[in-house]
1. Restricting attention to the stretch 55-93, and to residues there that are β-branched (Val, Ile, Thr) and surrounded by fewer than 16 Cβ atoms within 10 Å (Cβ to Cβ), which single residue is nearest to the chain's Cα centre (by Cα)?
2. Report whether or not residue 115 is out of contact with any Cys (no Cβ under 7 Å at 6 or more places or on another chain), over 16 Å from residue 58 (Cα atoms) and not hydrophobic (A, V, I, L, M, F, W, C).
3. Only one of (1) in contact with a Ser or Thr (Cβ under 8 Å, 6 or more places away or on another chain); (2) farther than 26 Å from residue 136 by Cβ; (3) at pLDDT 90 or above; (4) not hydroxyl-bearing (Ser, Thr, Tyr) fails for residue 115. Which number is that?
4. Looking for something touching a residue at least 40 places away in the same chain (Cβ under 8 Å) and either in a helix (DSSP H, G or I) or in contact with a Cys (Cβ under 9 Å, 6 or more places away or on another chain) (or both) - is there at least one such residue anywhere in the stretch 28-37?
5. Note down all Cβ pairs under 7 Å where the first residue falls in the stretch 40-54 and is free of Cβ contacts under 8 Å to residues at least 40 places away in the same chain, the second is surrounded by 13 or more Cβ atoms within 10 Å (Cβ to Cβ) and polar (S, T, N, Q), and they're at least six residues apart or on different chains.
6. Residues 35, 27, 59: which one is touching a Gly at 6+ places or on another chain (Cβ under 7 Å) and at pLDDT below 95?
Amino acid sequence: MIVALIWIRAATLLFAVFYGLQPFPGFSGLLIQMFTTPQGLLLLLVGSGVGGLFAAFTFAISAFSIPMLVDRPIDAFSAMALSFNAVTHNFTLAVLWGAVLTGMALVSIMTGLLGIVLVFPWLGYATWHAYCDLFEVPNDV
């Protein structure tokens, strides 16, 4: 939640940097500004980069922290630190896994969220086994 709040604040600040203190033009006005002006296109580019950094950080701290909290008597911040460490030490595999997660989430969305019924349990199961392999947990599931 803290990361989400900071992410929203960063988006607000980026909008203020690119558009100054002018009032919010409304959703339809914003779409026109974002896609038809050089200023809007630059904001889309920079905002996507900043959002990507937030998404990568969020993935790194949560990739293995949830299974770890279920499996071990550990506090949340230690679990997030261990997850971040595991992701950074296995960067190539983490990027590949993040791409798989993104692709499967997109498939779920494109099926009107019906695919989520099959995709999310499978991803949870696969994440659990990745956690067990990475942290050498006996795999009895």
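1. Checked the stretch 55-93; the qualifying residue nearest to the chain's Cα centre (by Cα) is 58.
2. Yes; evaluated as a whole, the condition is true for this residue.
3. Going through the list (1) in contact with a Ser or Thr (Cβ under 8 Å, 6 or more places away or on another chain); (2) farther than 26 Å from residue 136 by Cβ; (3) at pLDDT 90 or above; (4) not hydroxyl-bearing (Ser, Thr, Tyr), residue 115 breaks only (3).
4. The first filter runs over the stretch 28-37 and keeps only residues touching a residue at least 40 places away in the same chain (Cβ under 8 Å), leaving none.
Within the stretch 28-37, none of the residues are touching a residue at least 40 places away in the same chain (Cβ under 8 Å) and either in a helix (DSSP H, G or I) or in contact with a Cys (Cβ under 9 Å, 6 or more places away or on another chain) (or both).
5. These pairs meet every condition: 40/33.
6. So the residue among 35, 27, 59 that is touching a Gly at 6+ places or on another chain (Cβ under 7 Å) and at pLDDT below 95 is 59.
The values are calculated or read from the model by the stated rules, or taken from the named source; none is laboratory data. Since this is a predicted model, take the numbers as computed values, not measurements. Quick reminder, even Gly has a Cβ in these numbers, built from the backbone with ideal geometry, and neighbours come from all protein chains shown.
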